[in-house]
C-alpha cells in the first residue's frame, strides 16, 4: 500500500531538500537553523525536543519504507535533534519490500510492512523482537491498534498509520456511480479505471464479489477468483501504487480503487471525486514498523521510534498525510494546538470512517502455505493483460 504526501512547496531550498531525500539520503544530517536555541527545519518548523531523549552512539539510521509517507519536517527534525543521518529507501508494494529484504544483503534497520506481511517475516526469521523497555512512547498509541492477531503483544511490530481500500469515482464524469466492488466489472467502466498495484487487496475484493472470504485458502475458490479477476484487469487502464490520485485529478481515469490518503487528496483537489465504501465491505489495513534481525543501528532505531511517536511530532502525519491515525497523543495535541488540522481529519469520512464501515470491513491476513497461490494468480492475470 503506497501512501501519499500532501505538502506545499516552501521555496527552492525546501524543494532541493525534498529531491535529495527522495534520492535515498547520503551526506550529512540536516544543518539546524536556530531560533532562541531551538532547532528549526528549512520549512520554518520548530522541532520539539525528544521526550525522553535516548542515548545513541550510532551516527546513521537506515530505513526501507513506503514511498512519500513521511512529513519532511518529521524526518528533518530527527536528524537535527539527534545529529543522526536518516537514510531512506522506498518501495511501493509489500511484495517488493519482502523480496528485497528476504534476499538479504541489505543494511536496513527498520522496514514498514502492512499487517499481513508481518507473520511471514517472523516465520522467515527476518525480524528481531522489539524491546518495549526502550519504547516508552508506545503508550501514546491507542490500545485499539495494539495486540492485533498478526502480532500478539506487539513483540515484533508497532503501528504507524492505517486506512481502507475502497472505490473512488469522479461523479462529474461517471453517470452511474458504483456502489459495490461487483459494479466495477460493468463494461461502461472499461478503460476508465485506475487501481492500486496491490495483489492481496485486488484479489480480495474479487473474492468478496463471489461471496468468499478475502483470506480463503481454498484452491477451487481461488481458481474461480482468478478467472473473474482476469475480466476486471482487462478493463483497468493503469495500475499505480505511486500516485493513483494523479490520474484521477488529471482526468486520465474516472474511477477505480485507491486507499485512504490518495482519495482524500483527490477529493481536496476536486470535490466531485468521491470515496465510496462498497456494499461488500472495504479492505482494512494497518502499516507497522519492524526491526530487522541484523539491524546495525538499533539504538538509533529506538530513538527514531520514540521521537516519531511523540504527540507533538506525530501530529505532522495528520497535516501532511490523510490516513487513519492510531496515535492518541497526536490526536489530542492536534485537537488542542492545531484545531484546523484536527477538524479536517475528524470530520472526514475518508480519514475517520464511520463505525459501520469498520464493522463491515475485511482485514487481509497471512494465508501461510496458500501464499504462492495468490502470487501465481497475480503474476498470471497481470502478465496476460
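Structure notes:
- Efficiency of FRET between residue 382 and residue 252 - r from beta-carbon atoms, R0 22 angstrom, step 0.05: 0.65
- Nearest 10 degrees, 0 to 90: helix 371-383 Cα axis against the chain principal axis: 70
- Of all beta bridges that DSSP places with both ends in the chain, some 60 percent have antiparallel geometry.
- Gyration tensor verdict on region 231-385 (Cα atoms; rounded if a/c is under 1.5, prolate if a/b is larger than b/c, oblate otherwise): oblate
- Alpha-carbon centroid distance for the pair region 361-385 / region 218-234, whole angstrom: 10
- Cα-based helix-to-principal-axis angle, 328-337 vs the chain, degrees rounded to 10: 70
- Sites residue 224 and residue 96 - FRET efficiency at Förster radius 35 Å, r taken between beta-carbons, to 0.05: 0.80
- Prolate/oblate/rounded call for region 94-201, Cα gyration tensor, a/c under 1.5 rounded: prolate
- Between the helical axis of 298-309 and the longest alpha-carbon principal axis of the chain there is an angle of about 70 degrees.
- A protection proxy built from the mean count of other Cβ atoms within 10 Å ranks the segments 99-109, 266-276, most packed first, as 266-276, 99-109.
- Projected label distance in nm at residue 46 and residue 106, using a 7 Å step from Cα toward the beta-carbon: 3.8
- Translational D in µm²/s for region 192-261 (Stokes-Einstein at 37 °C, 0.692 mPa s, Kirkwood Rh from C-alpha pairs): 258
- Two-site label geometry, residue 296 and residue 332: point separation in nm, points 7 Å out along Cα→Cβ: 4.0
- Prolate/oblate/rounded label for region 147-242 (Cα gyration tensor, a/c 1.5): oblate
- The length gained by stretching the chain between residue 186 and residue 365 to full extension, at 0.36 nm per residue less their Cα-Cα distance, is 61.6 nm.
- 218, 73, 198 arranged by Cβ crowding within 10 Å, fewest neighbours leading: 218, 73, 198
- Across all C-alpha atoms in the chain, the radius of gyration and Dmax reach 20.7, 67 Å.
- P(r) weight above 20 Å for region 290-364, C-alpha pairs, percent: 45
Coordinate-derived values only; no laboratory data. None of these values were measured; they are calculated from a predicted model. With ideal geometry, Cβ positions are generated from the backbone for all residues, glycine too; neighbour counts draw on all protein chains shown.
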